[in-house]
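Here is the structure we will look at, set down as structure tokens.
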Amino acid sequence: MSDSSELPKSEKEEEVTPEPEEQSDDSSEDEAAGDTDMDFLRNLFSSALGLGSAEKVLDELTLDGVARYINSGKCKNIICMVGAGISTSAGIPDFRSPGTGLYANLQKYNLPYPEAIFQIDYFKKHPEPFFALARELYPGQFKPTICHYFMKMLKDKGILRRCYTQNIDTLERVAGLEGDDLIEAHGTFYTSHCVSFCCRKEYSLEWMKEKIFSDDIPKCDKCSSLVKPDIVFFGENLPARFFTSMKMDFPRCDLLIVMGTSLQVQPFASLVSRVSKSCPRLLINMEKAGQVNPMMGLFGFGEGMDFDSDKAYRDVAHISTCDDGCLALADLLGWKAELEELVKKEHAKIDSQDAKEKASENKGATAKASSASAPPEPKAEE
């Protein structure tokens with residue numbers, strides 16, 4: 001399946017912590033939760049008491065101001081936070097758009113409610129709707145967008161610290177971001193595992209693809225339990241690496257670029273408050289998102305985005321599609337021709353590979369049909 005669709009998680013899951021067996025050596029579940037609580041308290045008291053630096057880094061709260069900051073050489077640790085909006089131009093629907101989002105078009109699966117298709121308990125009893133949807137939206141059927149390749153350029157220029165994505169379509173990987181460049185907050189189709197706690201055998205993307213497109217419900221070769229892509233369903237924990245990496249990355253961030261997300265899904269949305277008070281934050285989206293709650297601001301801990309108030313000093317909203325926003329920023333940076341050439345070259349490479357695979361499949365199908373239609377060889381007389 002693809003996400004680019006960002007997978008939903010209920011707000012109650014904000015306090016969910018990683019499974020013990022997935023944790024890295026330098027962190028524990030309790031430590032992650034404790035650090036999050038302490039960060040909240042620090043932010044609360046520093047805001048209420050007027051403590052902490054709030055240096056204005058951008059000379060202008062516009063896309064031009066962001067471009068000048070990047071070109072100044074002072075910007076060396078960019079974090080991108082991305083959601084479903086960066087992949088809609090690839091042909092992958094998001095979740096919530098009225099009429100066109102996934103939730104608006106799930107009637108054919110006879111679900112008790114739309115979110116059930118990503119509910120782990122429902123999946124274990126009724127896996128068919130999920131795998132039918134996965135067949136429609138499977139990774140490998142779509143090309144990365146201009147936005148994906150813009151992030152690849154940030155990596156190539158040595159200024160991308162990490163990309164935190166809500167998407168499960170693997171298009172960041174196709175565009176050239178590798179495992180260390182990515183935090184796939186809502187999981188990925190890249191690997192799959194047996195759902196049995198006693199087994200947990202791992203399976204590859206190609207194995208899962210073969211099962212899905214042969215209309216088989218994927219079952220474990222070892223124990224016959226269901227096999228599920230490693231995407232985060234309702235009722236499941238976020239990857240342990242999400243919690244450990246955010247503690248290292250966000251304090252070092254010197255520019256946060258948020259693209260194609262409503263910033264409504266926790267705990268992902270709260271990441272915008274984990275950068276320093278001086279760190280500029282750029283939103284490229286079809287509408288403003290993640291804005292500070294006025295009531296929370298009255299109590300001194302409004303850590304959301306502030307684009308329009310008299311106190312705004314670091315947040316920039318560029319209202320456009322993600323592709324258009326990235327092209328506009330690339331143009332201001334002097335990278336537009338380079339970005340367009342990268343997209344053209346990489347898309348041509350994908351088209352060439354697809355053509356080779358289809359030719360190979362057709363050749364195999366023809367050989368199989370020819371073999372099936374050939375008359376049987378006569379038996380030798382005894």
Query - Out of Phe189, Phe242, Phe197, Phe234, sole residue that is in contact (Cβ under 8 Å) with a residue 40 or more places away in the chain and over 14 Å from the mean Cα position of the chain (by Cα) - result: Phe234
Report summary line: Filtering the range 149-186 for residues that are in contact (Cβ under 8 Å) with a residue 24 or more places away in the chain and among the acidic types (Asp, Glu) leaves a count of 4
Requested in this report: Kindly establish whether Ala175 is at negative phi, at pLDDT below 95 and of a type in the set (A, V, I, L, M, F, W, C).
Outcome: no
Query raised in the report: Can you name the helices (runs of 4 or more DSSP H) wholly within the range 289-382 that have at least 1 residues being out of contact with any helix residue (DSSP H, G or I) (no Cβ under 6 Å at 6 or more places or on another chain), at pLDDT 80 or above and farther than 28 Å from Phe268 by Cβ?
Result: 322-333, 336-373
Query raised in the report: How many residues are surrounded by 14 or more Cβ atoms within 10 Å (Cβ to Cβ) and either touching a Cys at 6+ places or on another chain (Cβ under 9 Å) or in a strand (DSSP E or B) (or both) when one looks only at the range 183-217?
Result: 16
Query raised in the report: If you scan the range 247-262, which residues turn out to be open to solvent by 10 Å² or more (accessible area, probe 1.4 Å) and touching a residue at least 40 places away in the same chain (Cβ under 8 Å)?
Result: Lys247, Arg252, Asp254, Ser262
Report summary line: When restricted to Gly85, Gly140, Gly99, the only residue farther than 18 Å from Asp216 by Cβ, modelled with pLDDT under 80 and either part of a helix (DSSP H, G or I) or among the small types (Gly, Ala, Ser) (or both) is Gly99
Query raised in the report: Under the condition of being among the acidic types (Asp, Glu) and assigned to a loop (DSSP other than H, G, I, E, B), which residue from the range 158-182 is farthest from Ser87 (Cα to Cα)?
Result: Glu178
Query raised in the report: How do the pairs read when you match residues in the range 124-135 that are over 15 Å from Pro112 (Cα atoms) with residues anywhere that are outside any loop (DSSP other than H, G, I, E, B) and open to solvent by 80 Å² or more (accessible area, probe 1.4 Å), using Cβ under 9 Å and keeping only pairs 6 or more apart or on different chains?
Result: Ala132/Lys108; Arg135/Phe213
Query raised in the report: For Leu238, which of the numbered conditions (1) part of a loop (DSSP other than H, G, I, E, B); (2) within 25 Å of Cys147 (Cβ to Cβ); (3) open to solvent by 30 Å² or more (accessible area, probe 1.4 Å) fails to hold?
Result: (3)
Query raised in the report: Taking Asp156 and the conditions (1) closer than 25 Å to Asp331 by Cα; (2) out of contact with any Asp or Glu (no Cβ under 9 Å at 6 or more places or on another chain); (3) open to solvent by less than 50 Å² (accessible area, probe 1.4 Å), which numbered condition does it fall short on, given that it satisfies the others?
Result: (3)
Report summary line: With criteria (1) touching a Pro at 6+ places or on another chain (Cβ under 9 Å); (2) open to solvent by 10 Å² or more (accessible area, probe 1.4 Å); (3) not in a helix (DSSP H, G or I), Lys222 comes up short on (1)
Requested in this report: Would you mention how many residues in the range 131-166 are among the hydrophobic types (A, V, I, L, M, F, W, C), more than 16 Å from Ala90 (Cα to Cα) and out of contact with any strand residue (DSSP E or B) (no Cβ under 8 Å at 6 or more places or on another chain)?
Outcome: 4
Report summary line: Note on the range 187-246: residues basic (Lys, Arg) and touching a His at 6+ places or on another chain (Cβ under 9 Å) are Arg200, Lys201, Lys228
Query - Output for the range 323-339, where each listed residue is free of Cβ contacts under 8 Å to residues at least 24 places away in the same chain and farther than 22 Å from Arg281 by Cβ - result: Lys336, Ala337
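The values are calculated or read from the model by the stated rules, or taken from the named source; none is laboratory data. Quick caveat: nothing in here was measured; it's all calculated off a predicted structure. Here Cβ is always computed from backbone atoms with ideal geometry, including for glycine, and neighbour counts include all displayed protein chains. The accessibility values were calculated without ligands, DNA or RNA, using every heavy atom of the protein model including side chains. Shrake-Rupley method; radii C 1.70, N 1.55, O 1.52, S 1.80 Å.
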